[in-house]
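Here's the structure we're looking at; comments come further down.
The values are calculated or read from the model by the stated rules, or taken from the named source; none is laboratory data. A quick note: this is a predicted structure, and the numbers were derived from the prediction, not measured. Cβ: placed from backbone, ideal geometry, glycine included. Neighbour counts: every protein chain shown. Please note that ligands, DNA and RNA were not included when accessible areas were found on the heavy atoms of the full protein model with its side chains. Shrake-Rupley method; radii C 1.70, N 1.55, O 1.52, S 1.80 Å.
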Amino acid sequence: MSKQNSHQTLEFLNAGGKSVASLHLFSPANNAASLLRIDDEDARRYGEEPLQIKEGERYEYELETPRVSKLILVLANDYSNEILFPSRNPDHANSGQIVPGLRTGRLGLAVQKENGEIAGTAGIEIFSHKIDYREDYRQMMEDITEQCVSLLMELRSPTSLKLSPEPGKSAETIHQQFAFLRSVLGSRQFKNALYRISTHPHRRWEPEETLCDTRRGFRPDSRSLRQFARGTRRVLLPVAHPLRNIVTSIPERISLFRNVQSDDTAENRFIKFALKSFSGFLNKMSRALKEKNNIKDVRLCAEIDSFVIELESALSAEIFRGVSDPDLLPLGSPVLQRKEGYREILHAWLQFDMAARLVWSGGDDVYGAGQRDIATLYEYWVFFKLLDIVSRIFELEKPRAKELIEETDDGFGLKLKSGIYLPIKGRYELAPRPLQVQLSYNRTFSNNTSHDTEGSWSRNMRPDYTLSLWPAEFSEEDAEAQELMVHVHFDAKYRVENIPDIFGSDEVDLGEEKFQQREGRYRRADLLKMHAYRDAIRRTQGAYVLYPGTKQQAWSGYHEILPGLGAFPLKPGNGDSAIEEFIHKIVDHLCDRASALERQSYHTYSVHEKPVEYPILNAIPERSPDSNNRHLPVAETYVLVGWYKNESHLHWICKTGLYNCRMDTAAGSLRLDPEITGASYLLLHGKDGNAVPGLLQVRSKGPRVMSKSALKKKGYPGEPTYDFYLVYDVKTTDEFDGYKWDYSKIPEKPEGRLSGWPFSITLYKLMMAVI
């Protein structure tokens, strides 16, 4: 139950629990729902402050203090002073604004005397605008805890459990330990299990001896008949009694055994022992924190005490009153392993020792100093989800436990921490093209000018998660250098709920968008950030947002899945099948050797393999000679450089549109490499070393074979020497009219006796010889 009001009052209490000042807080205009007070019982149950404000709003405040003392409102935890804005007017020094921004969790406040002494403290809860704030936080912490405990149990056998773990040595470590324990003991499964045990406990039938008056009916047996004959304190039977002819007297009472139900079973003793273990460890944590007497630990102490109260309440249930302490732990009992309620408590107890030894320095960003940063927690949670997907698709090089857990002085630490680089490598062997894969958390792509190495060509970039894939036959460095590396980036965005929140709407007025940008309300910043990853980080083929919504959207740069941009929903409590299917499609795409991406990466590598020596500023045809398509780049346009014998030979070439080359093994014969057969132009030169101005266009897609007799019939001047020739179909063209060539400057031409041999050269290199 919560109460909304445009005005709420917060009392500051001293160490003795007495009010020393009051803070009057006012909700933003026309938004009373952003300032509320929840019941104290709800606040205790959820570990929150009763007075709650909403993130992203502005609140006016006025501090009311006793006249006899002058108190100042200050922050009591580690939040920066960007939250609290006192009035600059000296006449209103006790008023101002509280601006929580995007922070969530407990906001600790204090009133301070002029000498710096804290007079009283209070707290406000900053809640997220999302209605499932509590459930999402709880679910994500439970998921992370379950993952971490499972990882730790891979490293340590459950047979080595200590029955009494110790709290951490520092307040920070206790904070980290409790975050995991809270997820074990505060889960819905744990609470439901306690309720199930209290309402449907395990019982057994046990014989119980009772004294029975023989005047009442009972079922006789051999034992009762013996007591009839031998029992003491006998009474005479009436004369008319049917048994008077057999016995004259019977015992006044006999002892009989009957079966009764008992709660004192080995399984219930274990449950009682487990609850006492949980409560005892939490009490140790609470005492350790209270001895440190740090104001930042107030929230944590309250949460621990709340859990202790719940555990002690469970222990006071009727079922445990007659249950004794265990003399052994029946871990192999079918009841503990199968019965509803009991198996959940057994699982929690097995997890308890592990969770009590887990510390997570990165978790301070989430729950340190009483805060509850659900956006950062979502970032961590998404990492585990992606790691699950990668583990299902790829074979990891090392077990996840050894990648994520390391032994520390206070137990075992989770390496995951915001801003710290964490790579996990694996392989994919289920295709003809094996792949290497690396899932990276917080990988920084640094600015550098070396195109054949990983990095960014503009500013340093650090996506939340990067999935890198490359062929297994290449090292990571070679794959980067040869354009075989593919990076796909993901960013976690918890605070958005739908596609327009991430990318904006297609119907938005661009003028209005510029106005929103100036006002700081720009909605498409995440889209531009994905474009920045895609365009700035070398070898990036995709960048996607992960958010707790329901719809997905993806854009493809071409007709294939990569390159692309988009967003995928990933929400606590929902599945991750859409992302898993997407990664499967990426793997299939990279294994396709006929894809456009494969061709594009090859040509990109070819382009960057050798830098351009100098620019070509001469006029070059815009269209291909044989179509309306654009002309090939000069570096990919080949020219056949051929020799003509004399003027009559040159005249015959130009007249007939034929150019012949030797076809045998003798010197000067033409070798049919792709550059020769795919030549687009023909440059002729004579024995004097002079090149014919302009170029002839090669009309055919390759030479044809012609016999010497056929060549003679075409009017070939002189007598052909060889039986067969390769003949090109050529024609005159005005594309290069006016161009003259200095044959001596043509690079890579044959010299001396070989100068008459035909060879090919790119148009780019030929342009170096323009006169």
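Summary table below
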item: Share, in percent, of DSSP beta bridges within the chain that are antiparallel, nearest 5; result: 80
item: Beta bridges per DSSP with both ends in the range 295-427, % antiparallel, nearest 5; result: 75
item: Cross-link partners of residue 713 among lysines (Cα-Cα below 25 Å; sequence separation of 8 or more within a chain); result: 645, 655, 701, 731
item: Nearest-20 debye value, the range 558-681 charge dipole, Cβ charges on Lys, Arg, Asp, Glu; result: 480
item: For residue 120, distant residues with modelled amide H under 5 Å away; result: 111
item: Amide H partners (placed H, <5 Å) of residue 714, local residues excluded; result: none
item: For the range 300-386, convex hull volume per residue from C-alpha positions, Å³; result: 162
item: Inter-part distance where the range 627-675 and the range 303-317 are each reduced to a Cα centre, Å; result: 93
item: For the range 387-489: rounded, prolate or oblate by the Cα gyration tensor [a/c cutoff 1.5]; result: oblate
item: Taking N as its residue count, the alpha carbon Rg of the range 670-771 over 2.2 N^0.38 Å; result: 1.13
item: Positive-pole candidate from 401, 330, 458, dipole of the range 324-464, charges at beta carbon; result: 458
item: Length-normalised contact order for the chain - Cα pairs under 8 Å, 6+ apart - percent; result: 8
item: Per-residue ³J(HN,Hα) for the range 644-652, Karplus 6.51 cos²θ - 1.76 cosθ + 1.60, θ = phi - 60°, Hz, x for Gly and Pro; result: 10, 6, 7, 5, 5, 5, 4, 4, 4
item: Portion, in percent, of the accessible area of the chain that falls on carbon or sulfur, probe 1.4 Å; result: 49
item: Other-chain or far-sequence residues with amide H under 5 Å of residue 87's (modelled H); result: 95, 96, 97
item: Computed [θ] at 222 nm, deg cm²/dmol, the chain (DSSP H ≥ 4; -39,500 (n - 2.57); rounded to nearest 500); result: -10000 deg cm²/dmol
item: Cα-projected label distance for residue 672 with residue 732, points at 7 Å along beta-carbon direction, nm; result: 3.1
item: The range 381-407 and the range 212-266: distance between their alpha carbon centers, rounded to Å; result: 71
item: Average accessible area per residue (Å²) across the chain - probe 1.4 Å, nucleic acids and ligands excluded; result: 52
item: Dipole magnitude (debye, nearest 20) for the chain, charges at Cβ of Lys, Arg, Asp, Glu; result: 2200
item: Qualifying lysines (Cα of each under 28 Å from Cα of residue 529; at least 8 residues distant if same chain); result: 54, 130, 385, 415, 417, 425, 493, 514, 551, 571, 585
item: Solvent accessible area, Å² - residue 223, 1.4 Å probe, full protein context; result: 80
item: Exposure ranking of 143, 535, 626 by accessible area [1.4 Å probe, largest first]; result: 626, 535, 143
item: Cα-based Rg of the chain normalised by 2.2 N^0.38 Å, two decimals; result: 1.55
item: Gyration tensor verdict on the range 147-304 (Cα atoms; rounded if a/c is under 1.5, prolate if a/b is larger than b/c, oblate otherwise); result: prolate
